[in-house]
1. What number, rounded to the nearest 500 deg cm²/dmol, is the helix-based mean residue ellipticity at 222 nm of the chain, given -39500 (n - 2.57) per DSSP H run of at least four residues and division by all its residues?
2. Work the Kirkwood hydrodynamic radius out for the range 207-248: mean of 1/r over every pair of different alpha-carbon atoms, inverted, in Å.
3. Could you tell me the distance between the Cα centroids of the range 282-330 and the range 201-229, to the nearest Å?
4. Just the projected area, averaged over all directions, of the convex hull on the alpha carbon atoms of the range 250-395: how many nm²?
5. So how do 150, 408 line up by other beta-carbon neighbours within 10 Å, fewest first?
6. With the contact rule set at Cα under 8 Å and sequence spacing of 6 or more, what percent relative contact order holds for the range 247-366?
7. Which order results if 81, 417 are arranged by neighbouring Cβ count within 10 Å, fewest first?
8. With a/c under 1.5 counting as rounded, go ahead and sort the range 332-392 into rounded, prolate or oblate using the C-alpha gyration tensor (a ≥ b ≥ c being the square roots of the eigenvalues; past the cut-off, prolate if a/b is larger than b/c, else oblate).
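FYI, it's all coordinate maths here, none of it is from the lab. Quick caveat: nothing in here was measured; it's all calculated off a predicted structure. Every residue, glycine as well, gets a Cβ built from its backbone with ideal geometry; the counts of neighbours run over all protein chains shown.
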Ligand code: PHE
């Protein structure tokens, strides 16, 4: 006999878990980094538009497919339409899970190691960006230390996923997410009041339309998918543990707005600091690991705040990494009939190994000069996730069928007033827009 599929314990629990998946390094590390490389305000403006017009509708689509299919990403597509194409689309999501988590965990590992840096006083009061850069480079160029922290982080991720949905993912998300929010607000207030911070705020908020190119659009689109955990089955898989009574559009709105506010808040912490210390916003992945210690160094009780910040960064990363691992684990449980324990151990080990070249390449040890972090991040965010999103809207609008989806969403009396507008977007507009951005982004 089939075992009953696990479900979330409560609506709140689901919202925290899904918001936990969305809010992570994508908001605190990747958003400022990518905004910094893509011209600041113009990028932020595009990001806002894309969340509203594309992110939320795609999230509604993914949650619906998952809840209807009641399986992993592959199984859910196939249970609605069994064909090789949809198998491949599902597998692209599983692949993305491996690739994203392998670099995600390395960066989260850096965050965890910073907790100890603040505890042990590595960053003294008044630490300059140059000194902080030396500490960061010392960490990443060490061939062993960052891999050790990556291992610890994968261990924590595996532990929670092993505990299952209600007793693992939900329980820890409910505990960890509220704390994260409070700390971010405190830190944003501190950063904005730094001398010279206004320049950063302005740079972050004032769009310079001439900065917008198809590349900026593709970068923003990739960031929206990455940040909302879309296009690879994380939200879909979480939807598969959702009960029929739940209001999918309402929940999608809450989760997306929570994610957006945290991204903006993180920008308000990091950008003012970057300008206050005269740094370049476009340096890339090391941005927060070099700027933030300097911000904390200039604060009263900075070490305490620094410690707390990196605890919370690690927490935010953890509530996301569990959703990445869950995509792959759910696939092996549902389609290959593995038990949860075997799936967590085997897949966790593979992802750990995949993270080793990622980590080494950050310290300059590479094969053929490949920066694996950049390569894995770029293929997933700029190709696999938007392509997964494109295929999902085609699936929902044309394969499963718009009216069937609407009936699914509206069962048990759930209201979806904007249902027809959503359906029009998903069926006609989004496939064209997504295909256009993807194609011209790659050709241009
Ligand atoms: N959304 C997460 C973040 O912003 C990362 C993530 C991407 C999680 C894709 C799941 C799926 O950090």
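1. Numbers: 21 runs with 311 residues, N = 444.
Estimated from H runs of four or more residues: -23000 deg cm²/dmol.
2. By the Kirkwood definition, the hydrodynamic radius is 12.6 Å.
3. Result: 22 Å between the Cα centres.
4. Numbers: hull surface 50.0 nm².
Mean projected area for the range 250-395: 12.5 nm², to one decimal.
5. Details: 150 27, 408 17.
Exposure proxy ranking, most exposed first: 408, 150.
6. Details: 38 pairs, mean separation 12.7, N = 120.
Over the range 247-366, the number comes to 11 percent.
7. Numbers: 81 12, 417 8.
Ascending number of Cβ neighbours within 10 Å: 417, 81.
8. Numbers: a/c = 4.23, a/b = 1.29, b/c = 3.28.
Taking the square roots of the gyration eigenvalues as a ≥ b ≥ c, the range 332-392 is oblate.
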